[in-house]
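Student: Would you mind keeping the following structure in view while I ask a few things?
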């Protein structure tokens, strides 16, 4: 009986260790793209040549000598891209006119094969018609790879044509230095306005992530087509929580008197102390 209990205890220990490793690996691998994103803050981006809506070329930044808000998209995206672009438009609408006129916006397609100038012209029409400082463009595959690398924007193309990517837009200054990333698809105009005012006042900017909870929610979320918002993926989150709770329960058991008494460990330790 005691032998079986001992084996059970060992199995629990092994399970706890594996669970902790699994949780640690998930926690490490999932924020890795986020770490790459934050690592480029303060760096200067290359001023690459982009393809505009007319099929001509233009420089990435510096055309208006203004701070530039940068986002990435692809026209066939049915989830995150429209939300991010709509969020940018909503932010711009609510900005005071002087701030709105003082910032440029460029949205760059990461699918140049399908997003031709004609496709982009149709896709971008509602945005460029409303905001005079908003440009849409794309580039060659090689240029996009270099540009996204400079900006710490990681994306992955799937076999079905969809593209996995982080929902994010970035603010750079007129010289191409990365100032700040804004994550998610529900950025408040007050937050962005405050950032522009901080830039004008020469203040040091903080990350767009308020806490580790924000980081977790970026990776524990899924798109809800009913509400057109990203919501917490309770299934994934529950799985992570259960792993952590199981590991903690095993650790608590191993430290409890029940565990020590079951295998007479308390008695053995007392006898060993007495003999010494």
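Quick note: the coordinates plus some simple rules give every number you see, no bench work behind them. Here the structure is a predicted model, which means the values were calculated and not measured. Neighbour counts run over all protein chains shown; Cβ positions are idealised from the backbone, glycine included.
Student: Could you give the nm distance between label points at residue 79 and residue 156, where each point is 7 Å from its Cα heading toward the beta carbon?
Tutor: 1.3 nm
Student: Over all distinct alpha-carbon pairs, what is the Kirkwood Rh of the stretch 70-197 in angstrom?
Tutor: Taking every pair of different Cα atoms in the stretch 70-197, averaging 1/r and inverting gives 15.1 Å.
Student: A follow-up question, please. What distance in nm separates the two pseudo spin-label positions at residue 66 and residue 35, each 7 Å out from Cα along the beta-carbon direction?
Tutor: About 3.7 nm, to one decimal.
Student: Sticking with this one: Between residue 114 and residue 174, what length comes free when the chain is fully extended (0.36 nm per residue of separation minus the Cα-Cα distance, one decimal in nm)?
Tutor: Working: separation 60, 0.36 × 60 = 21.60 nm, distance 2.97 nm.
Full-extension gain reported as 18.6 nm.
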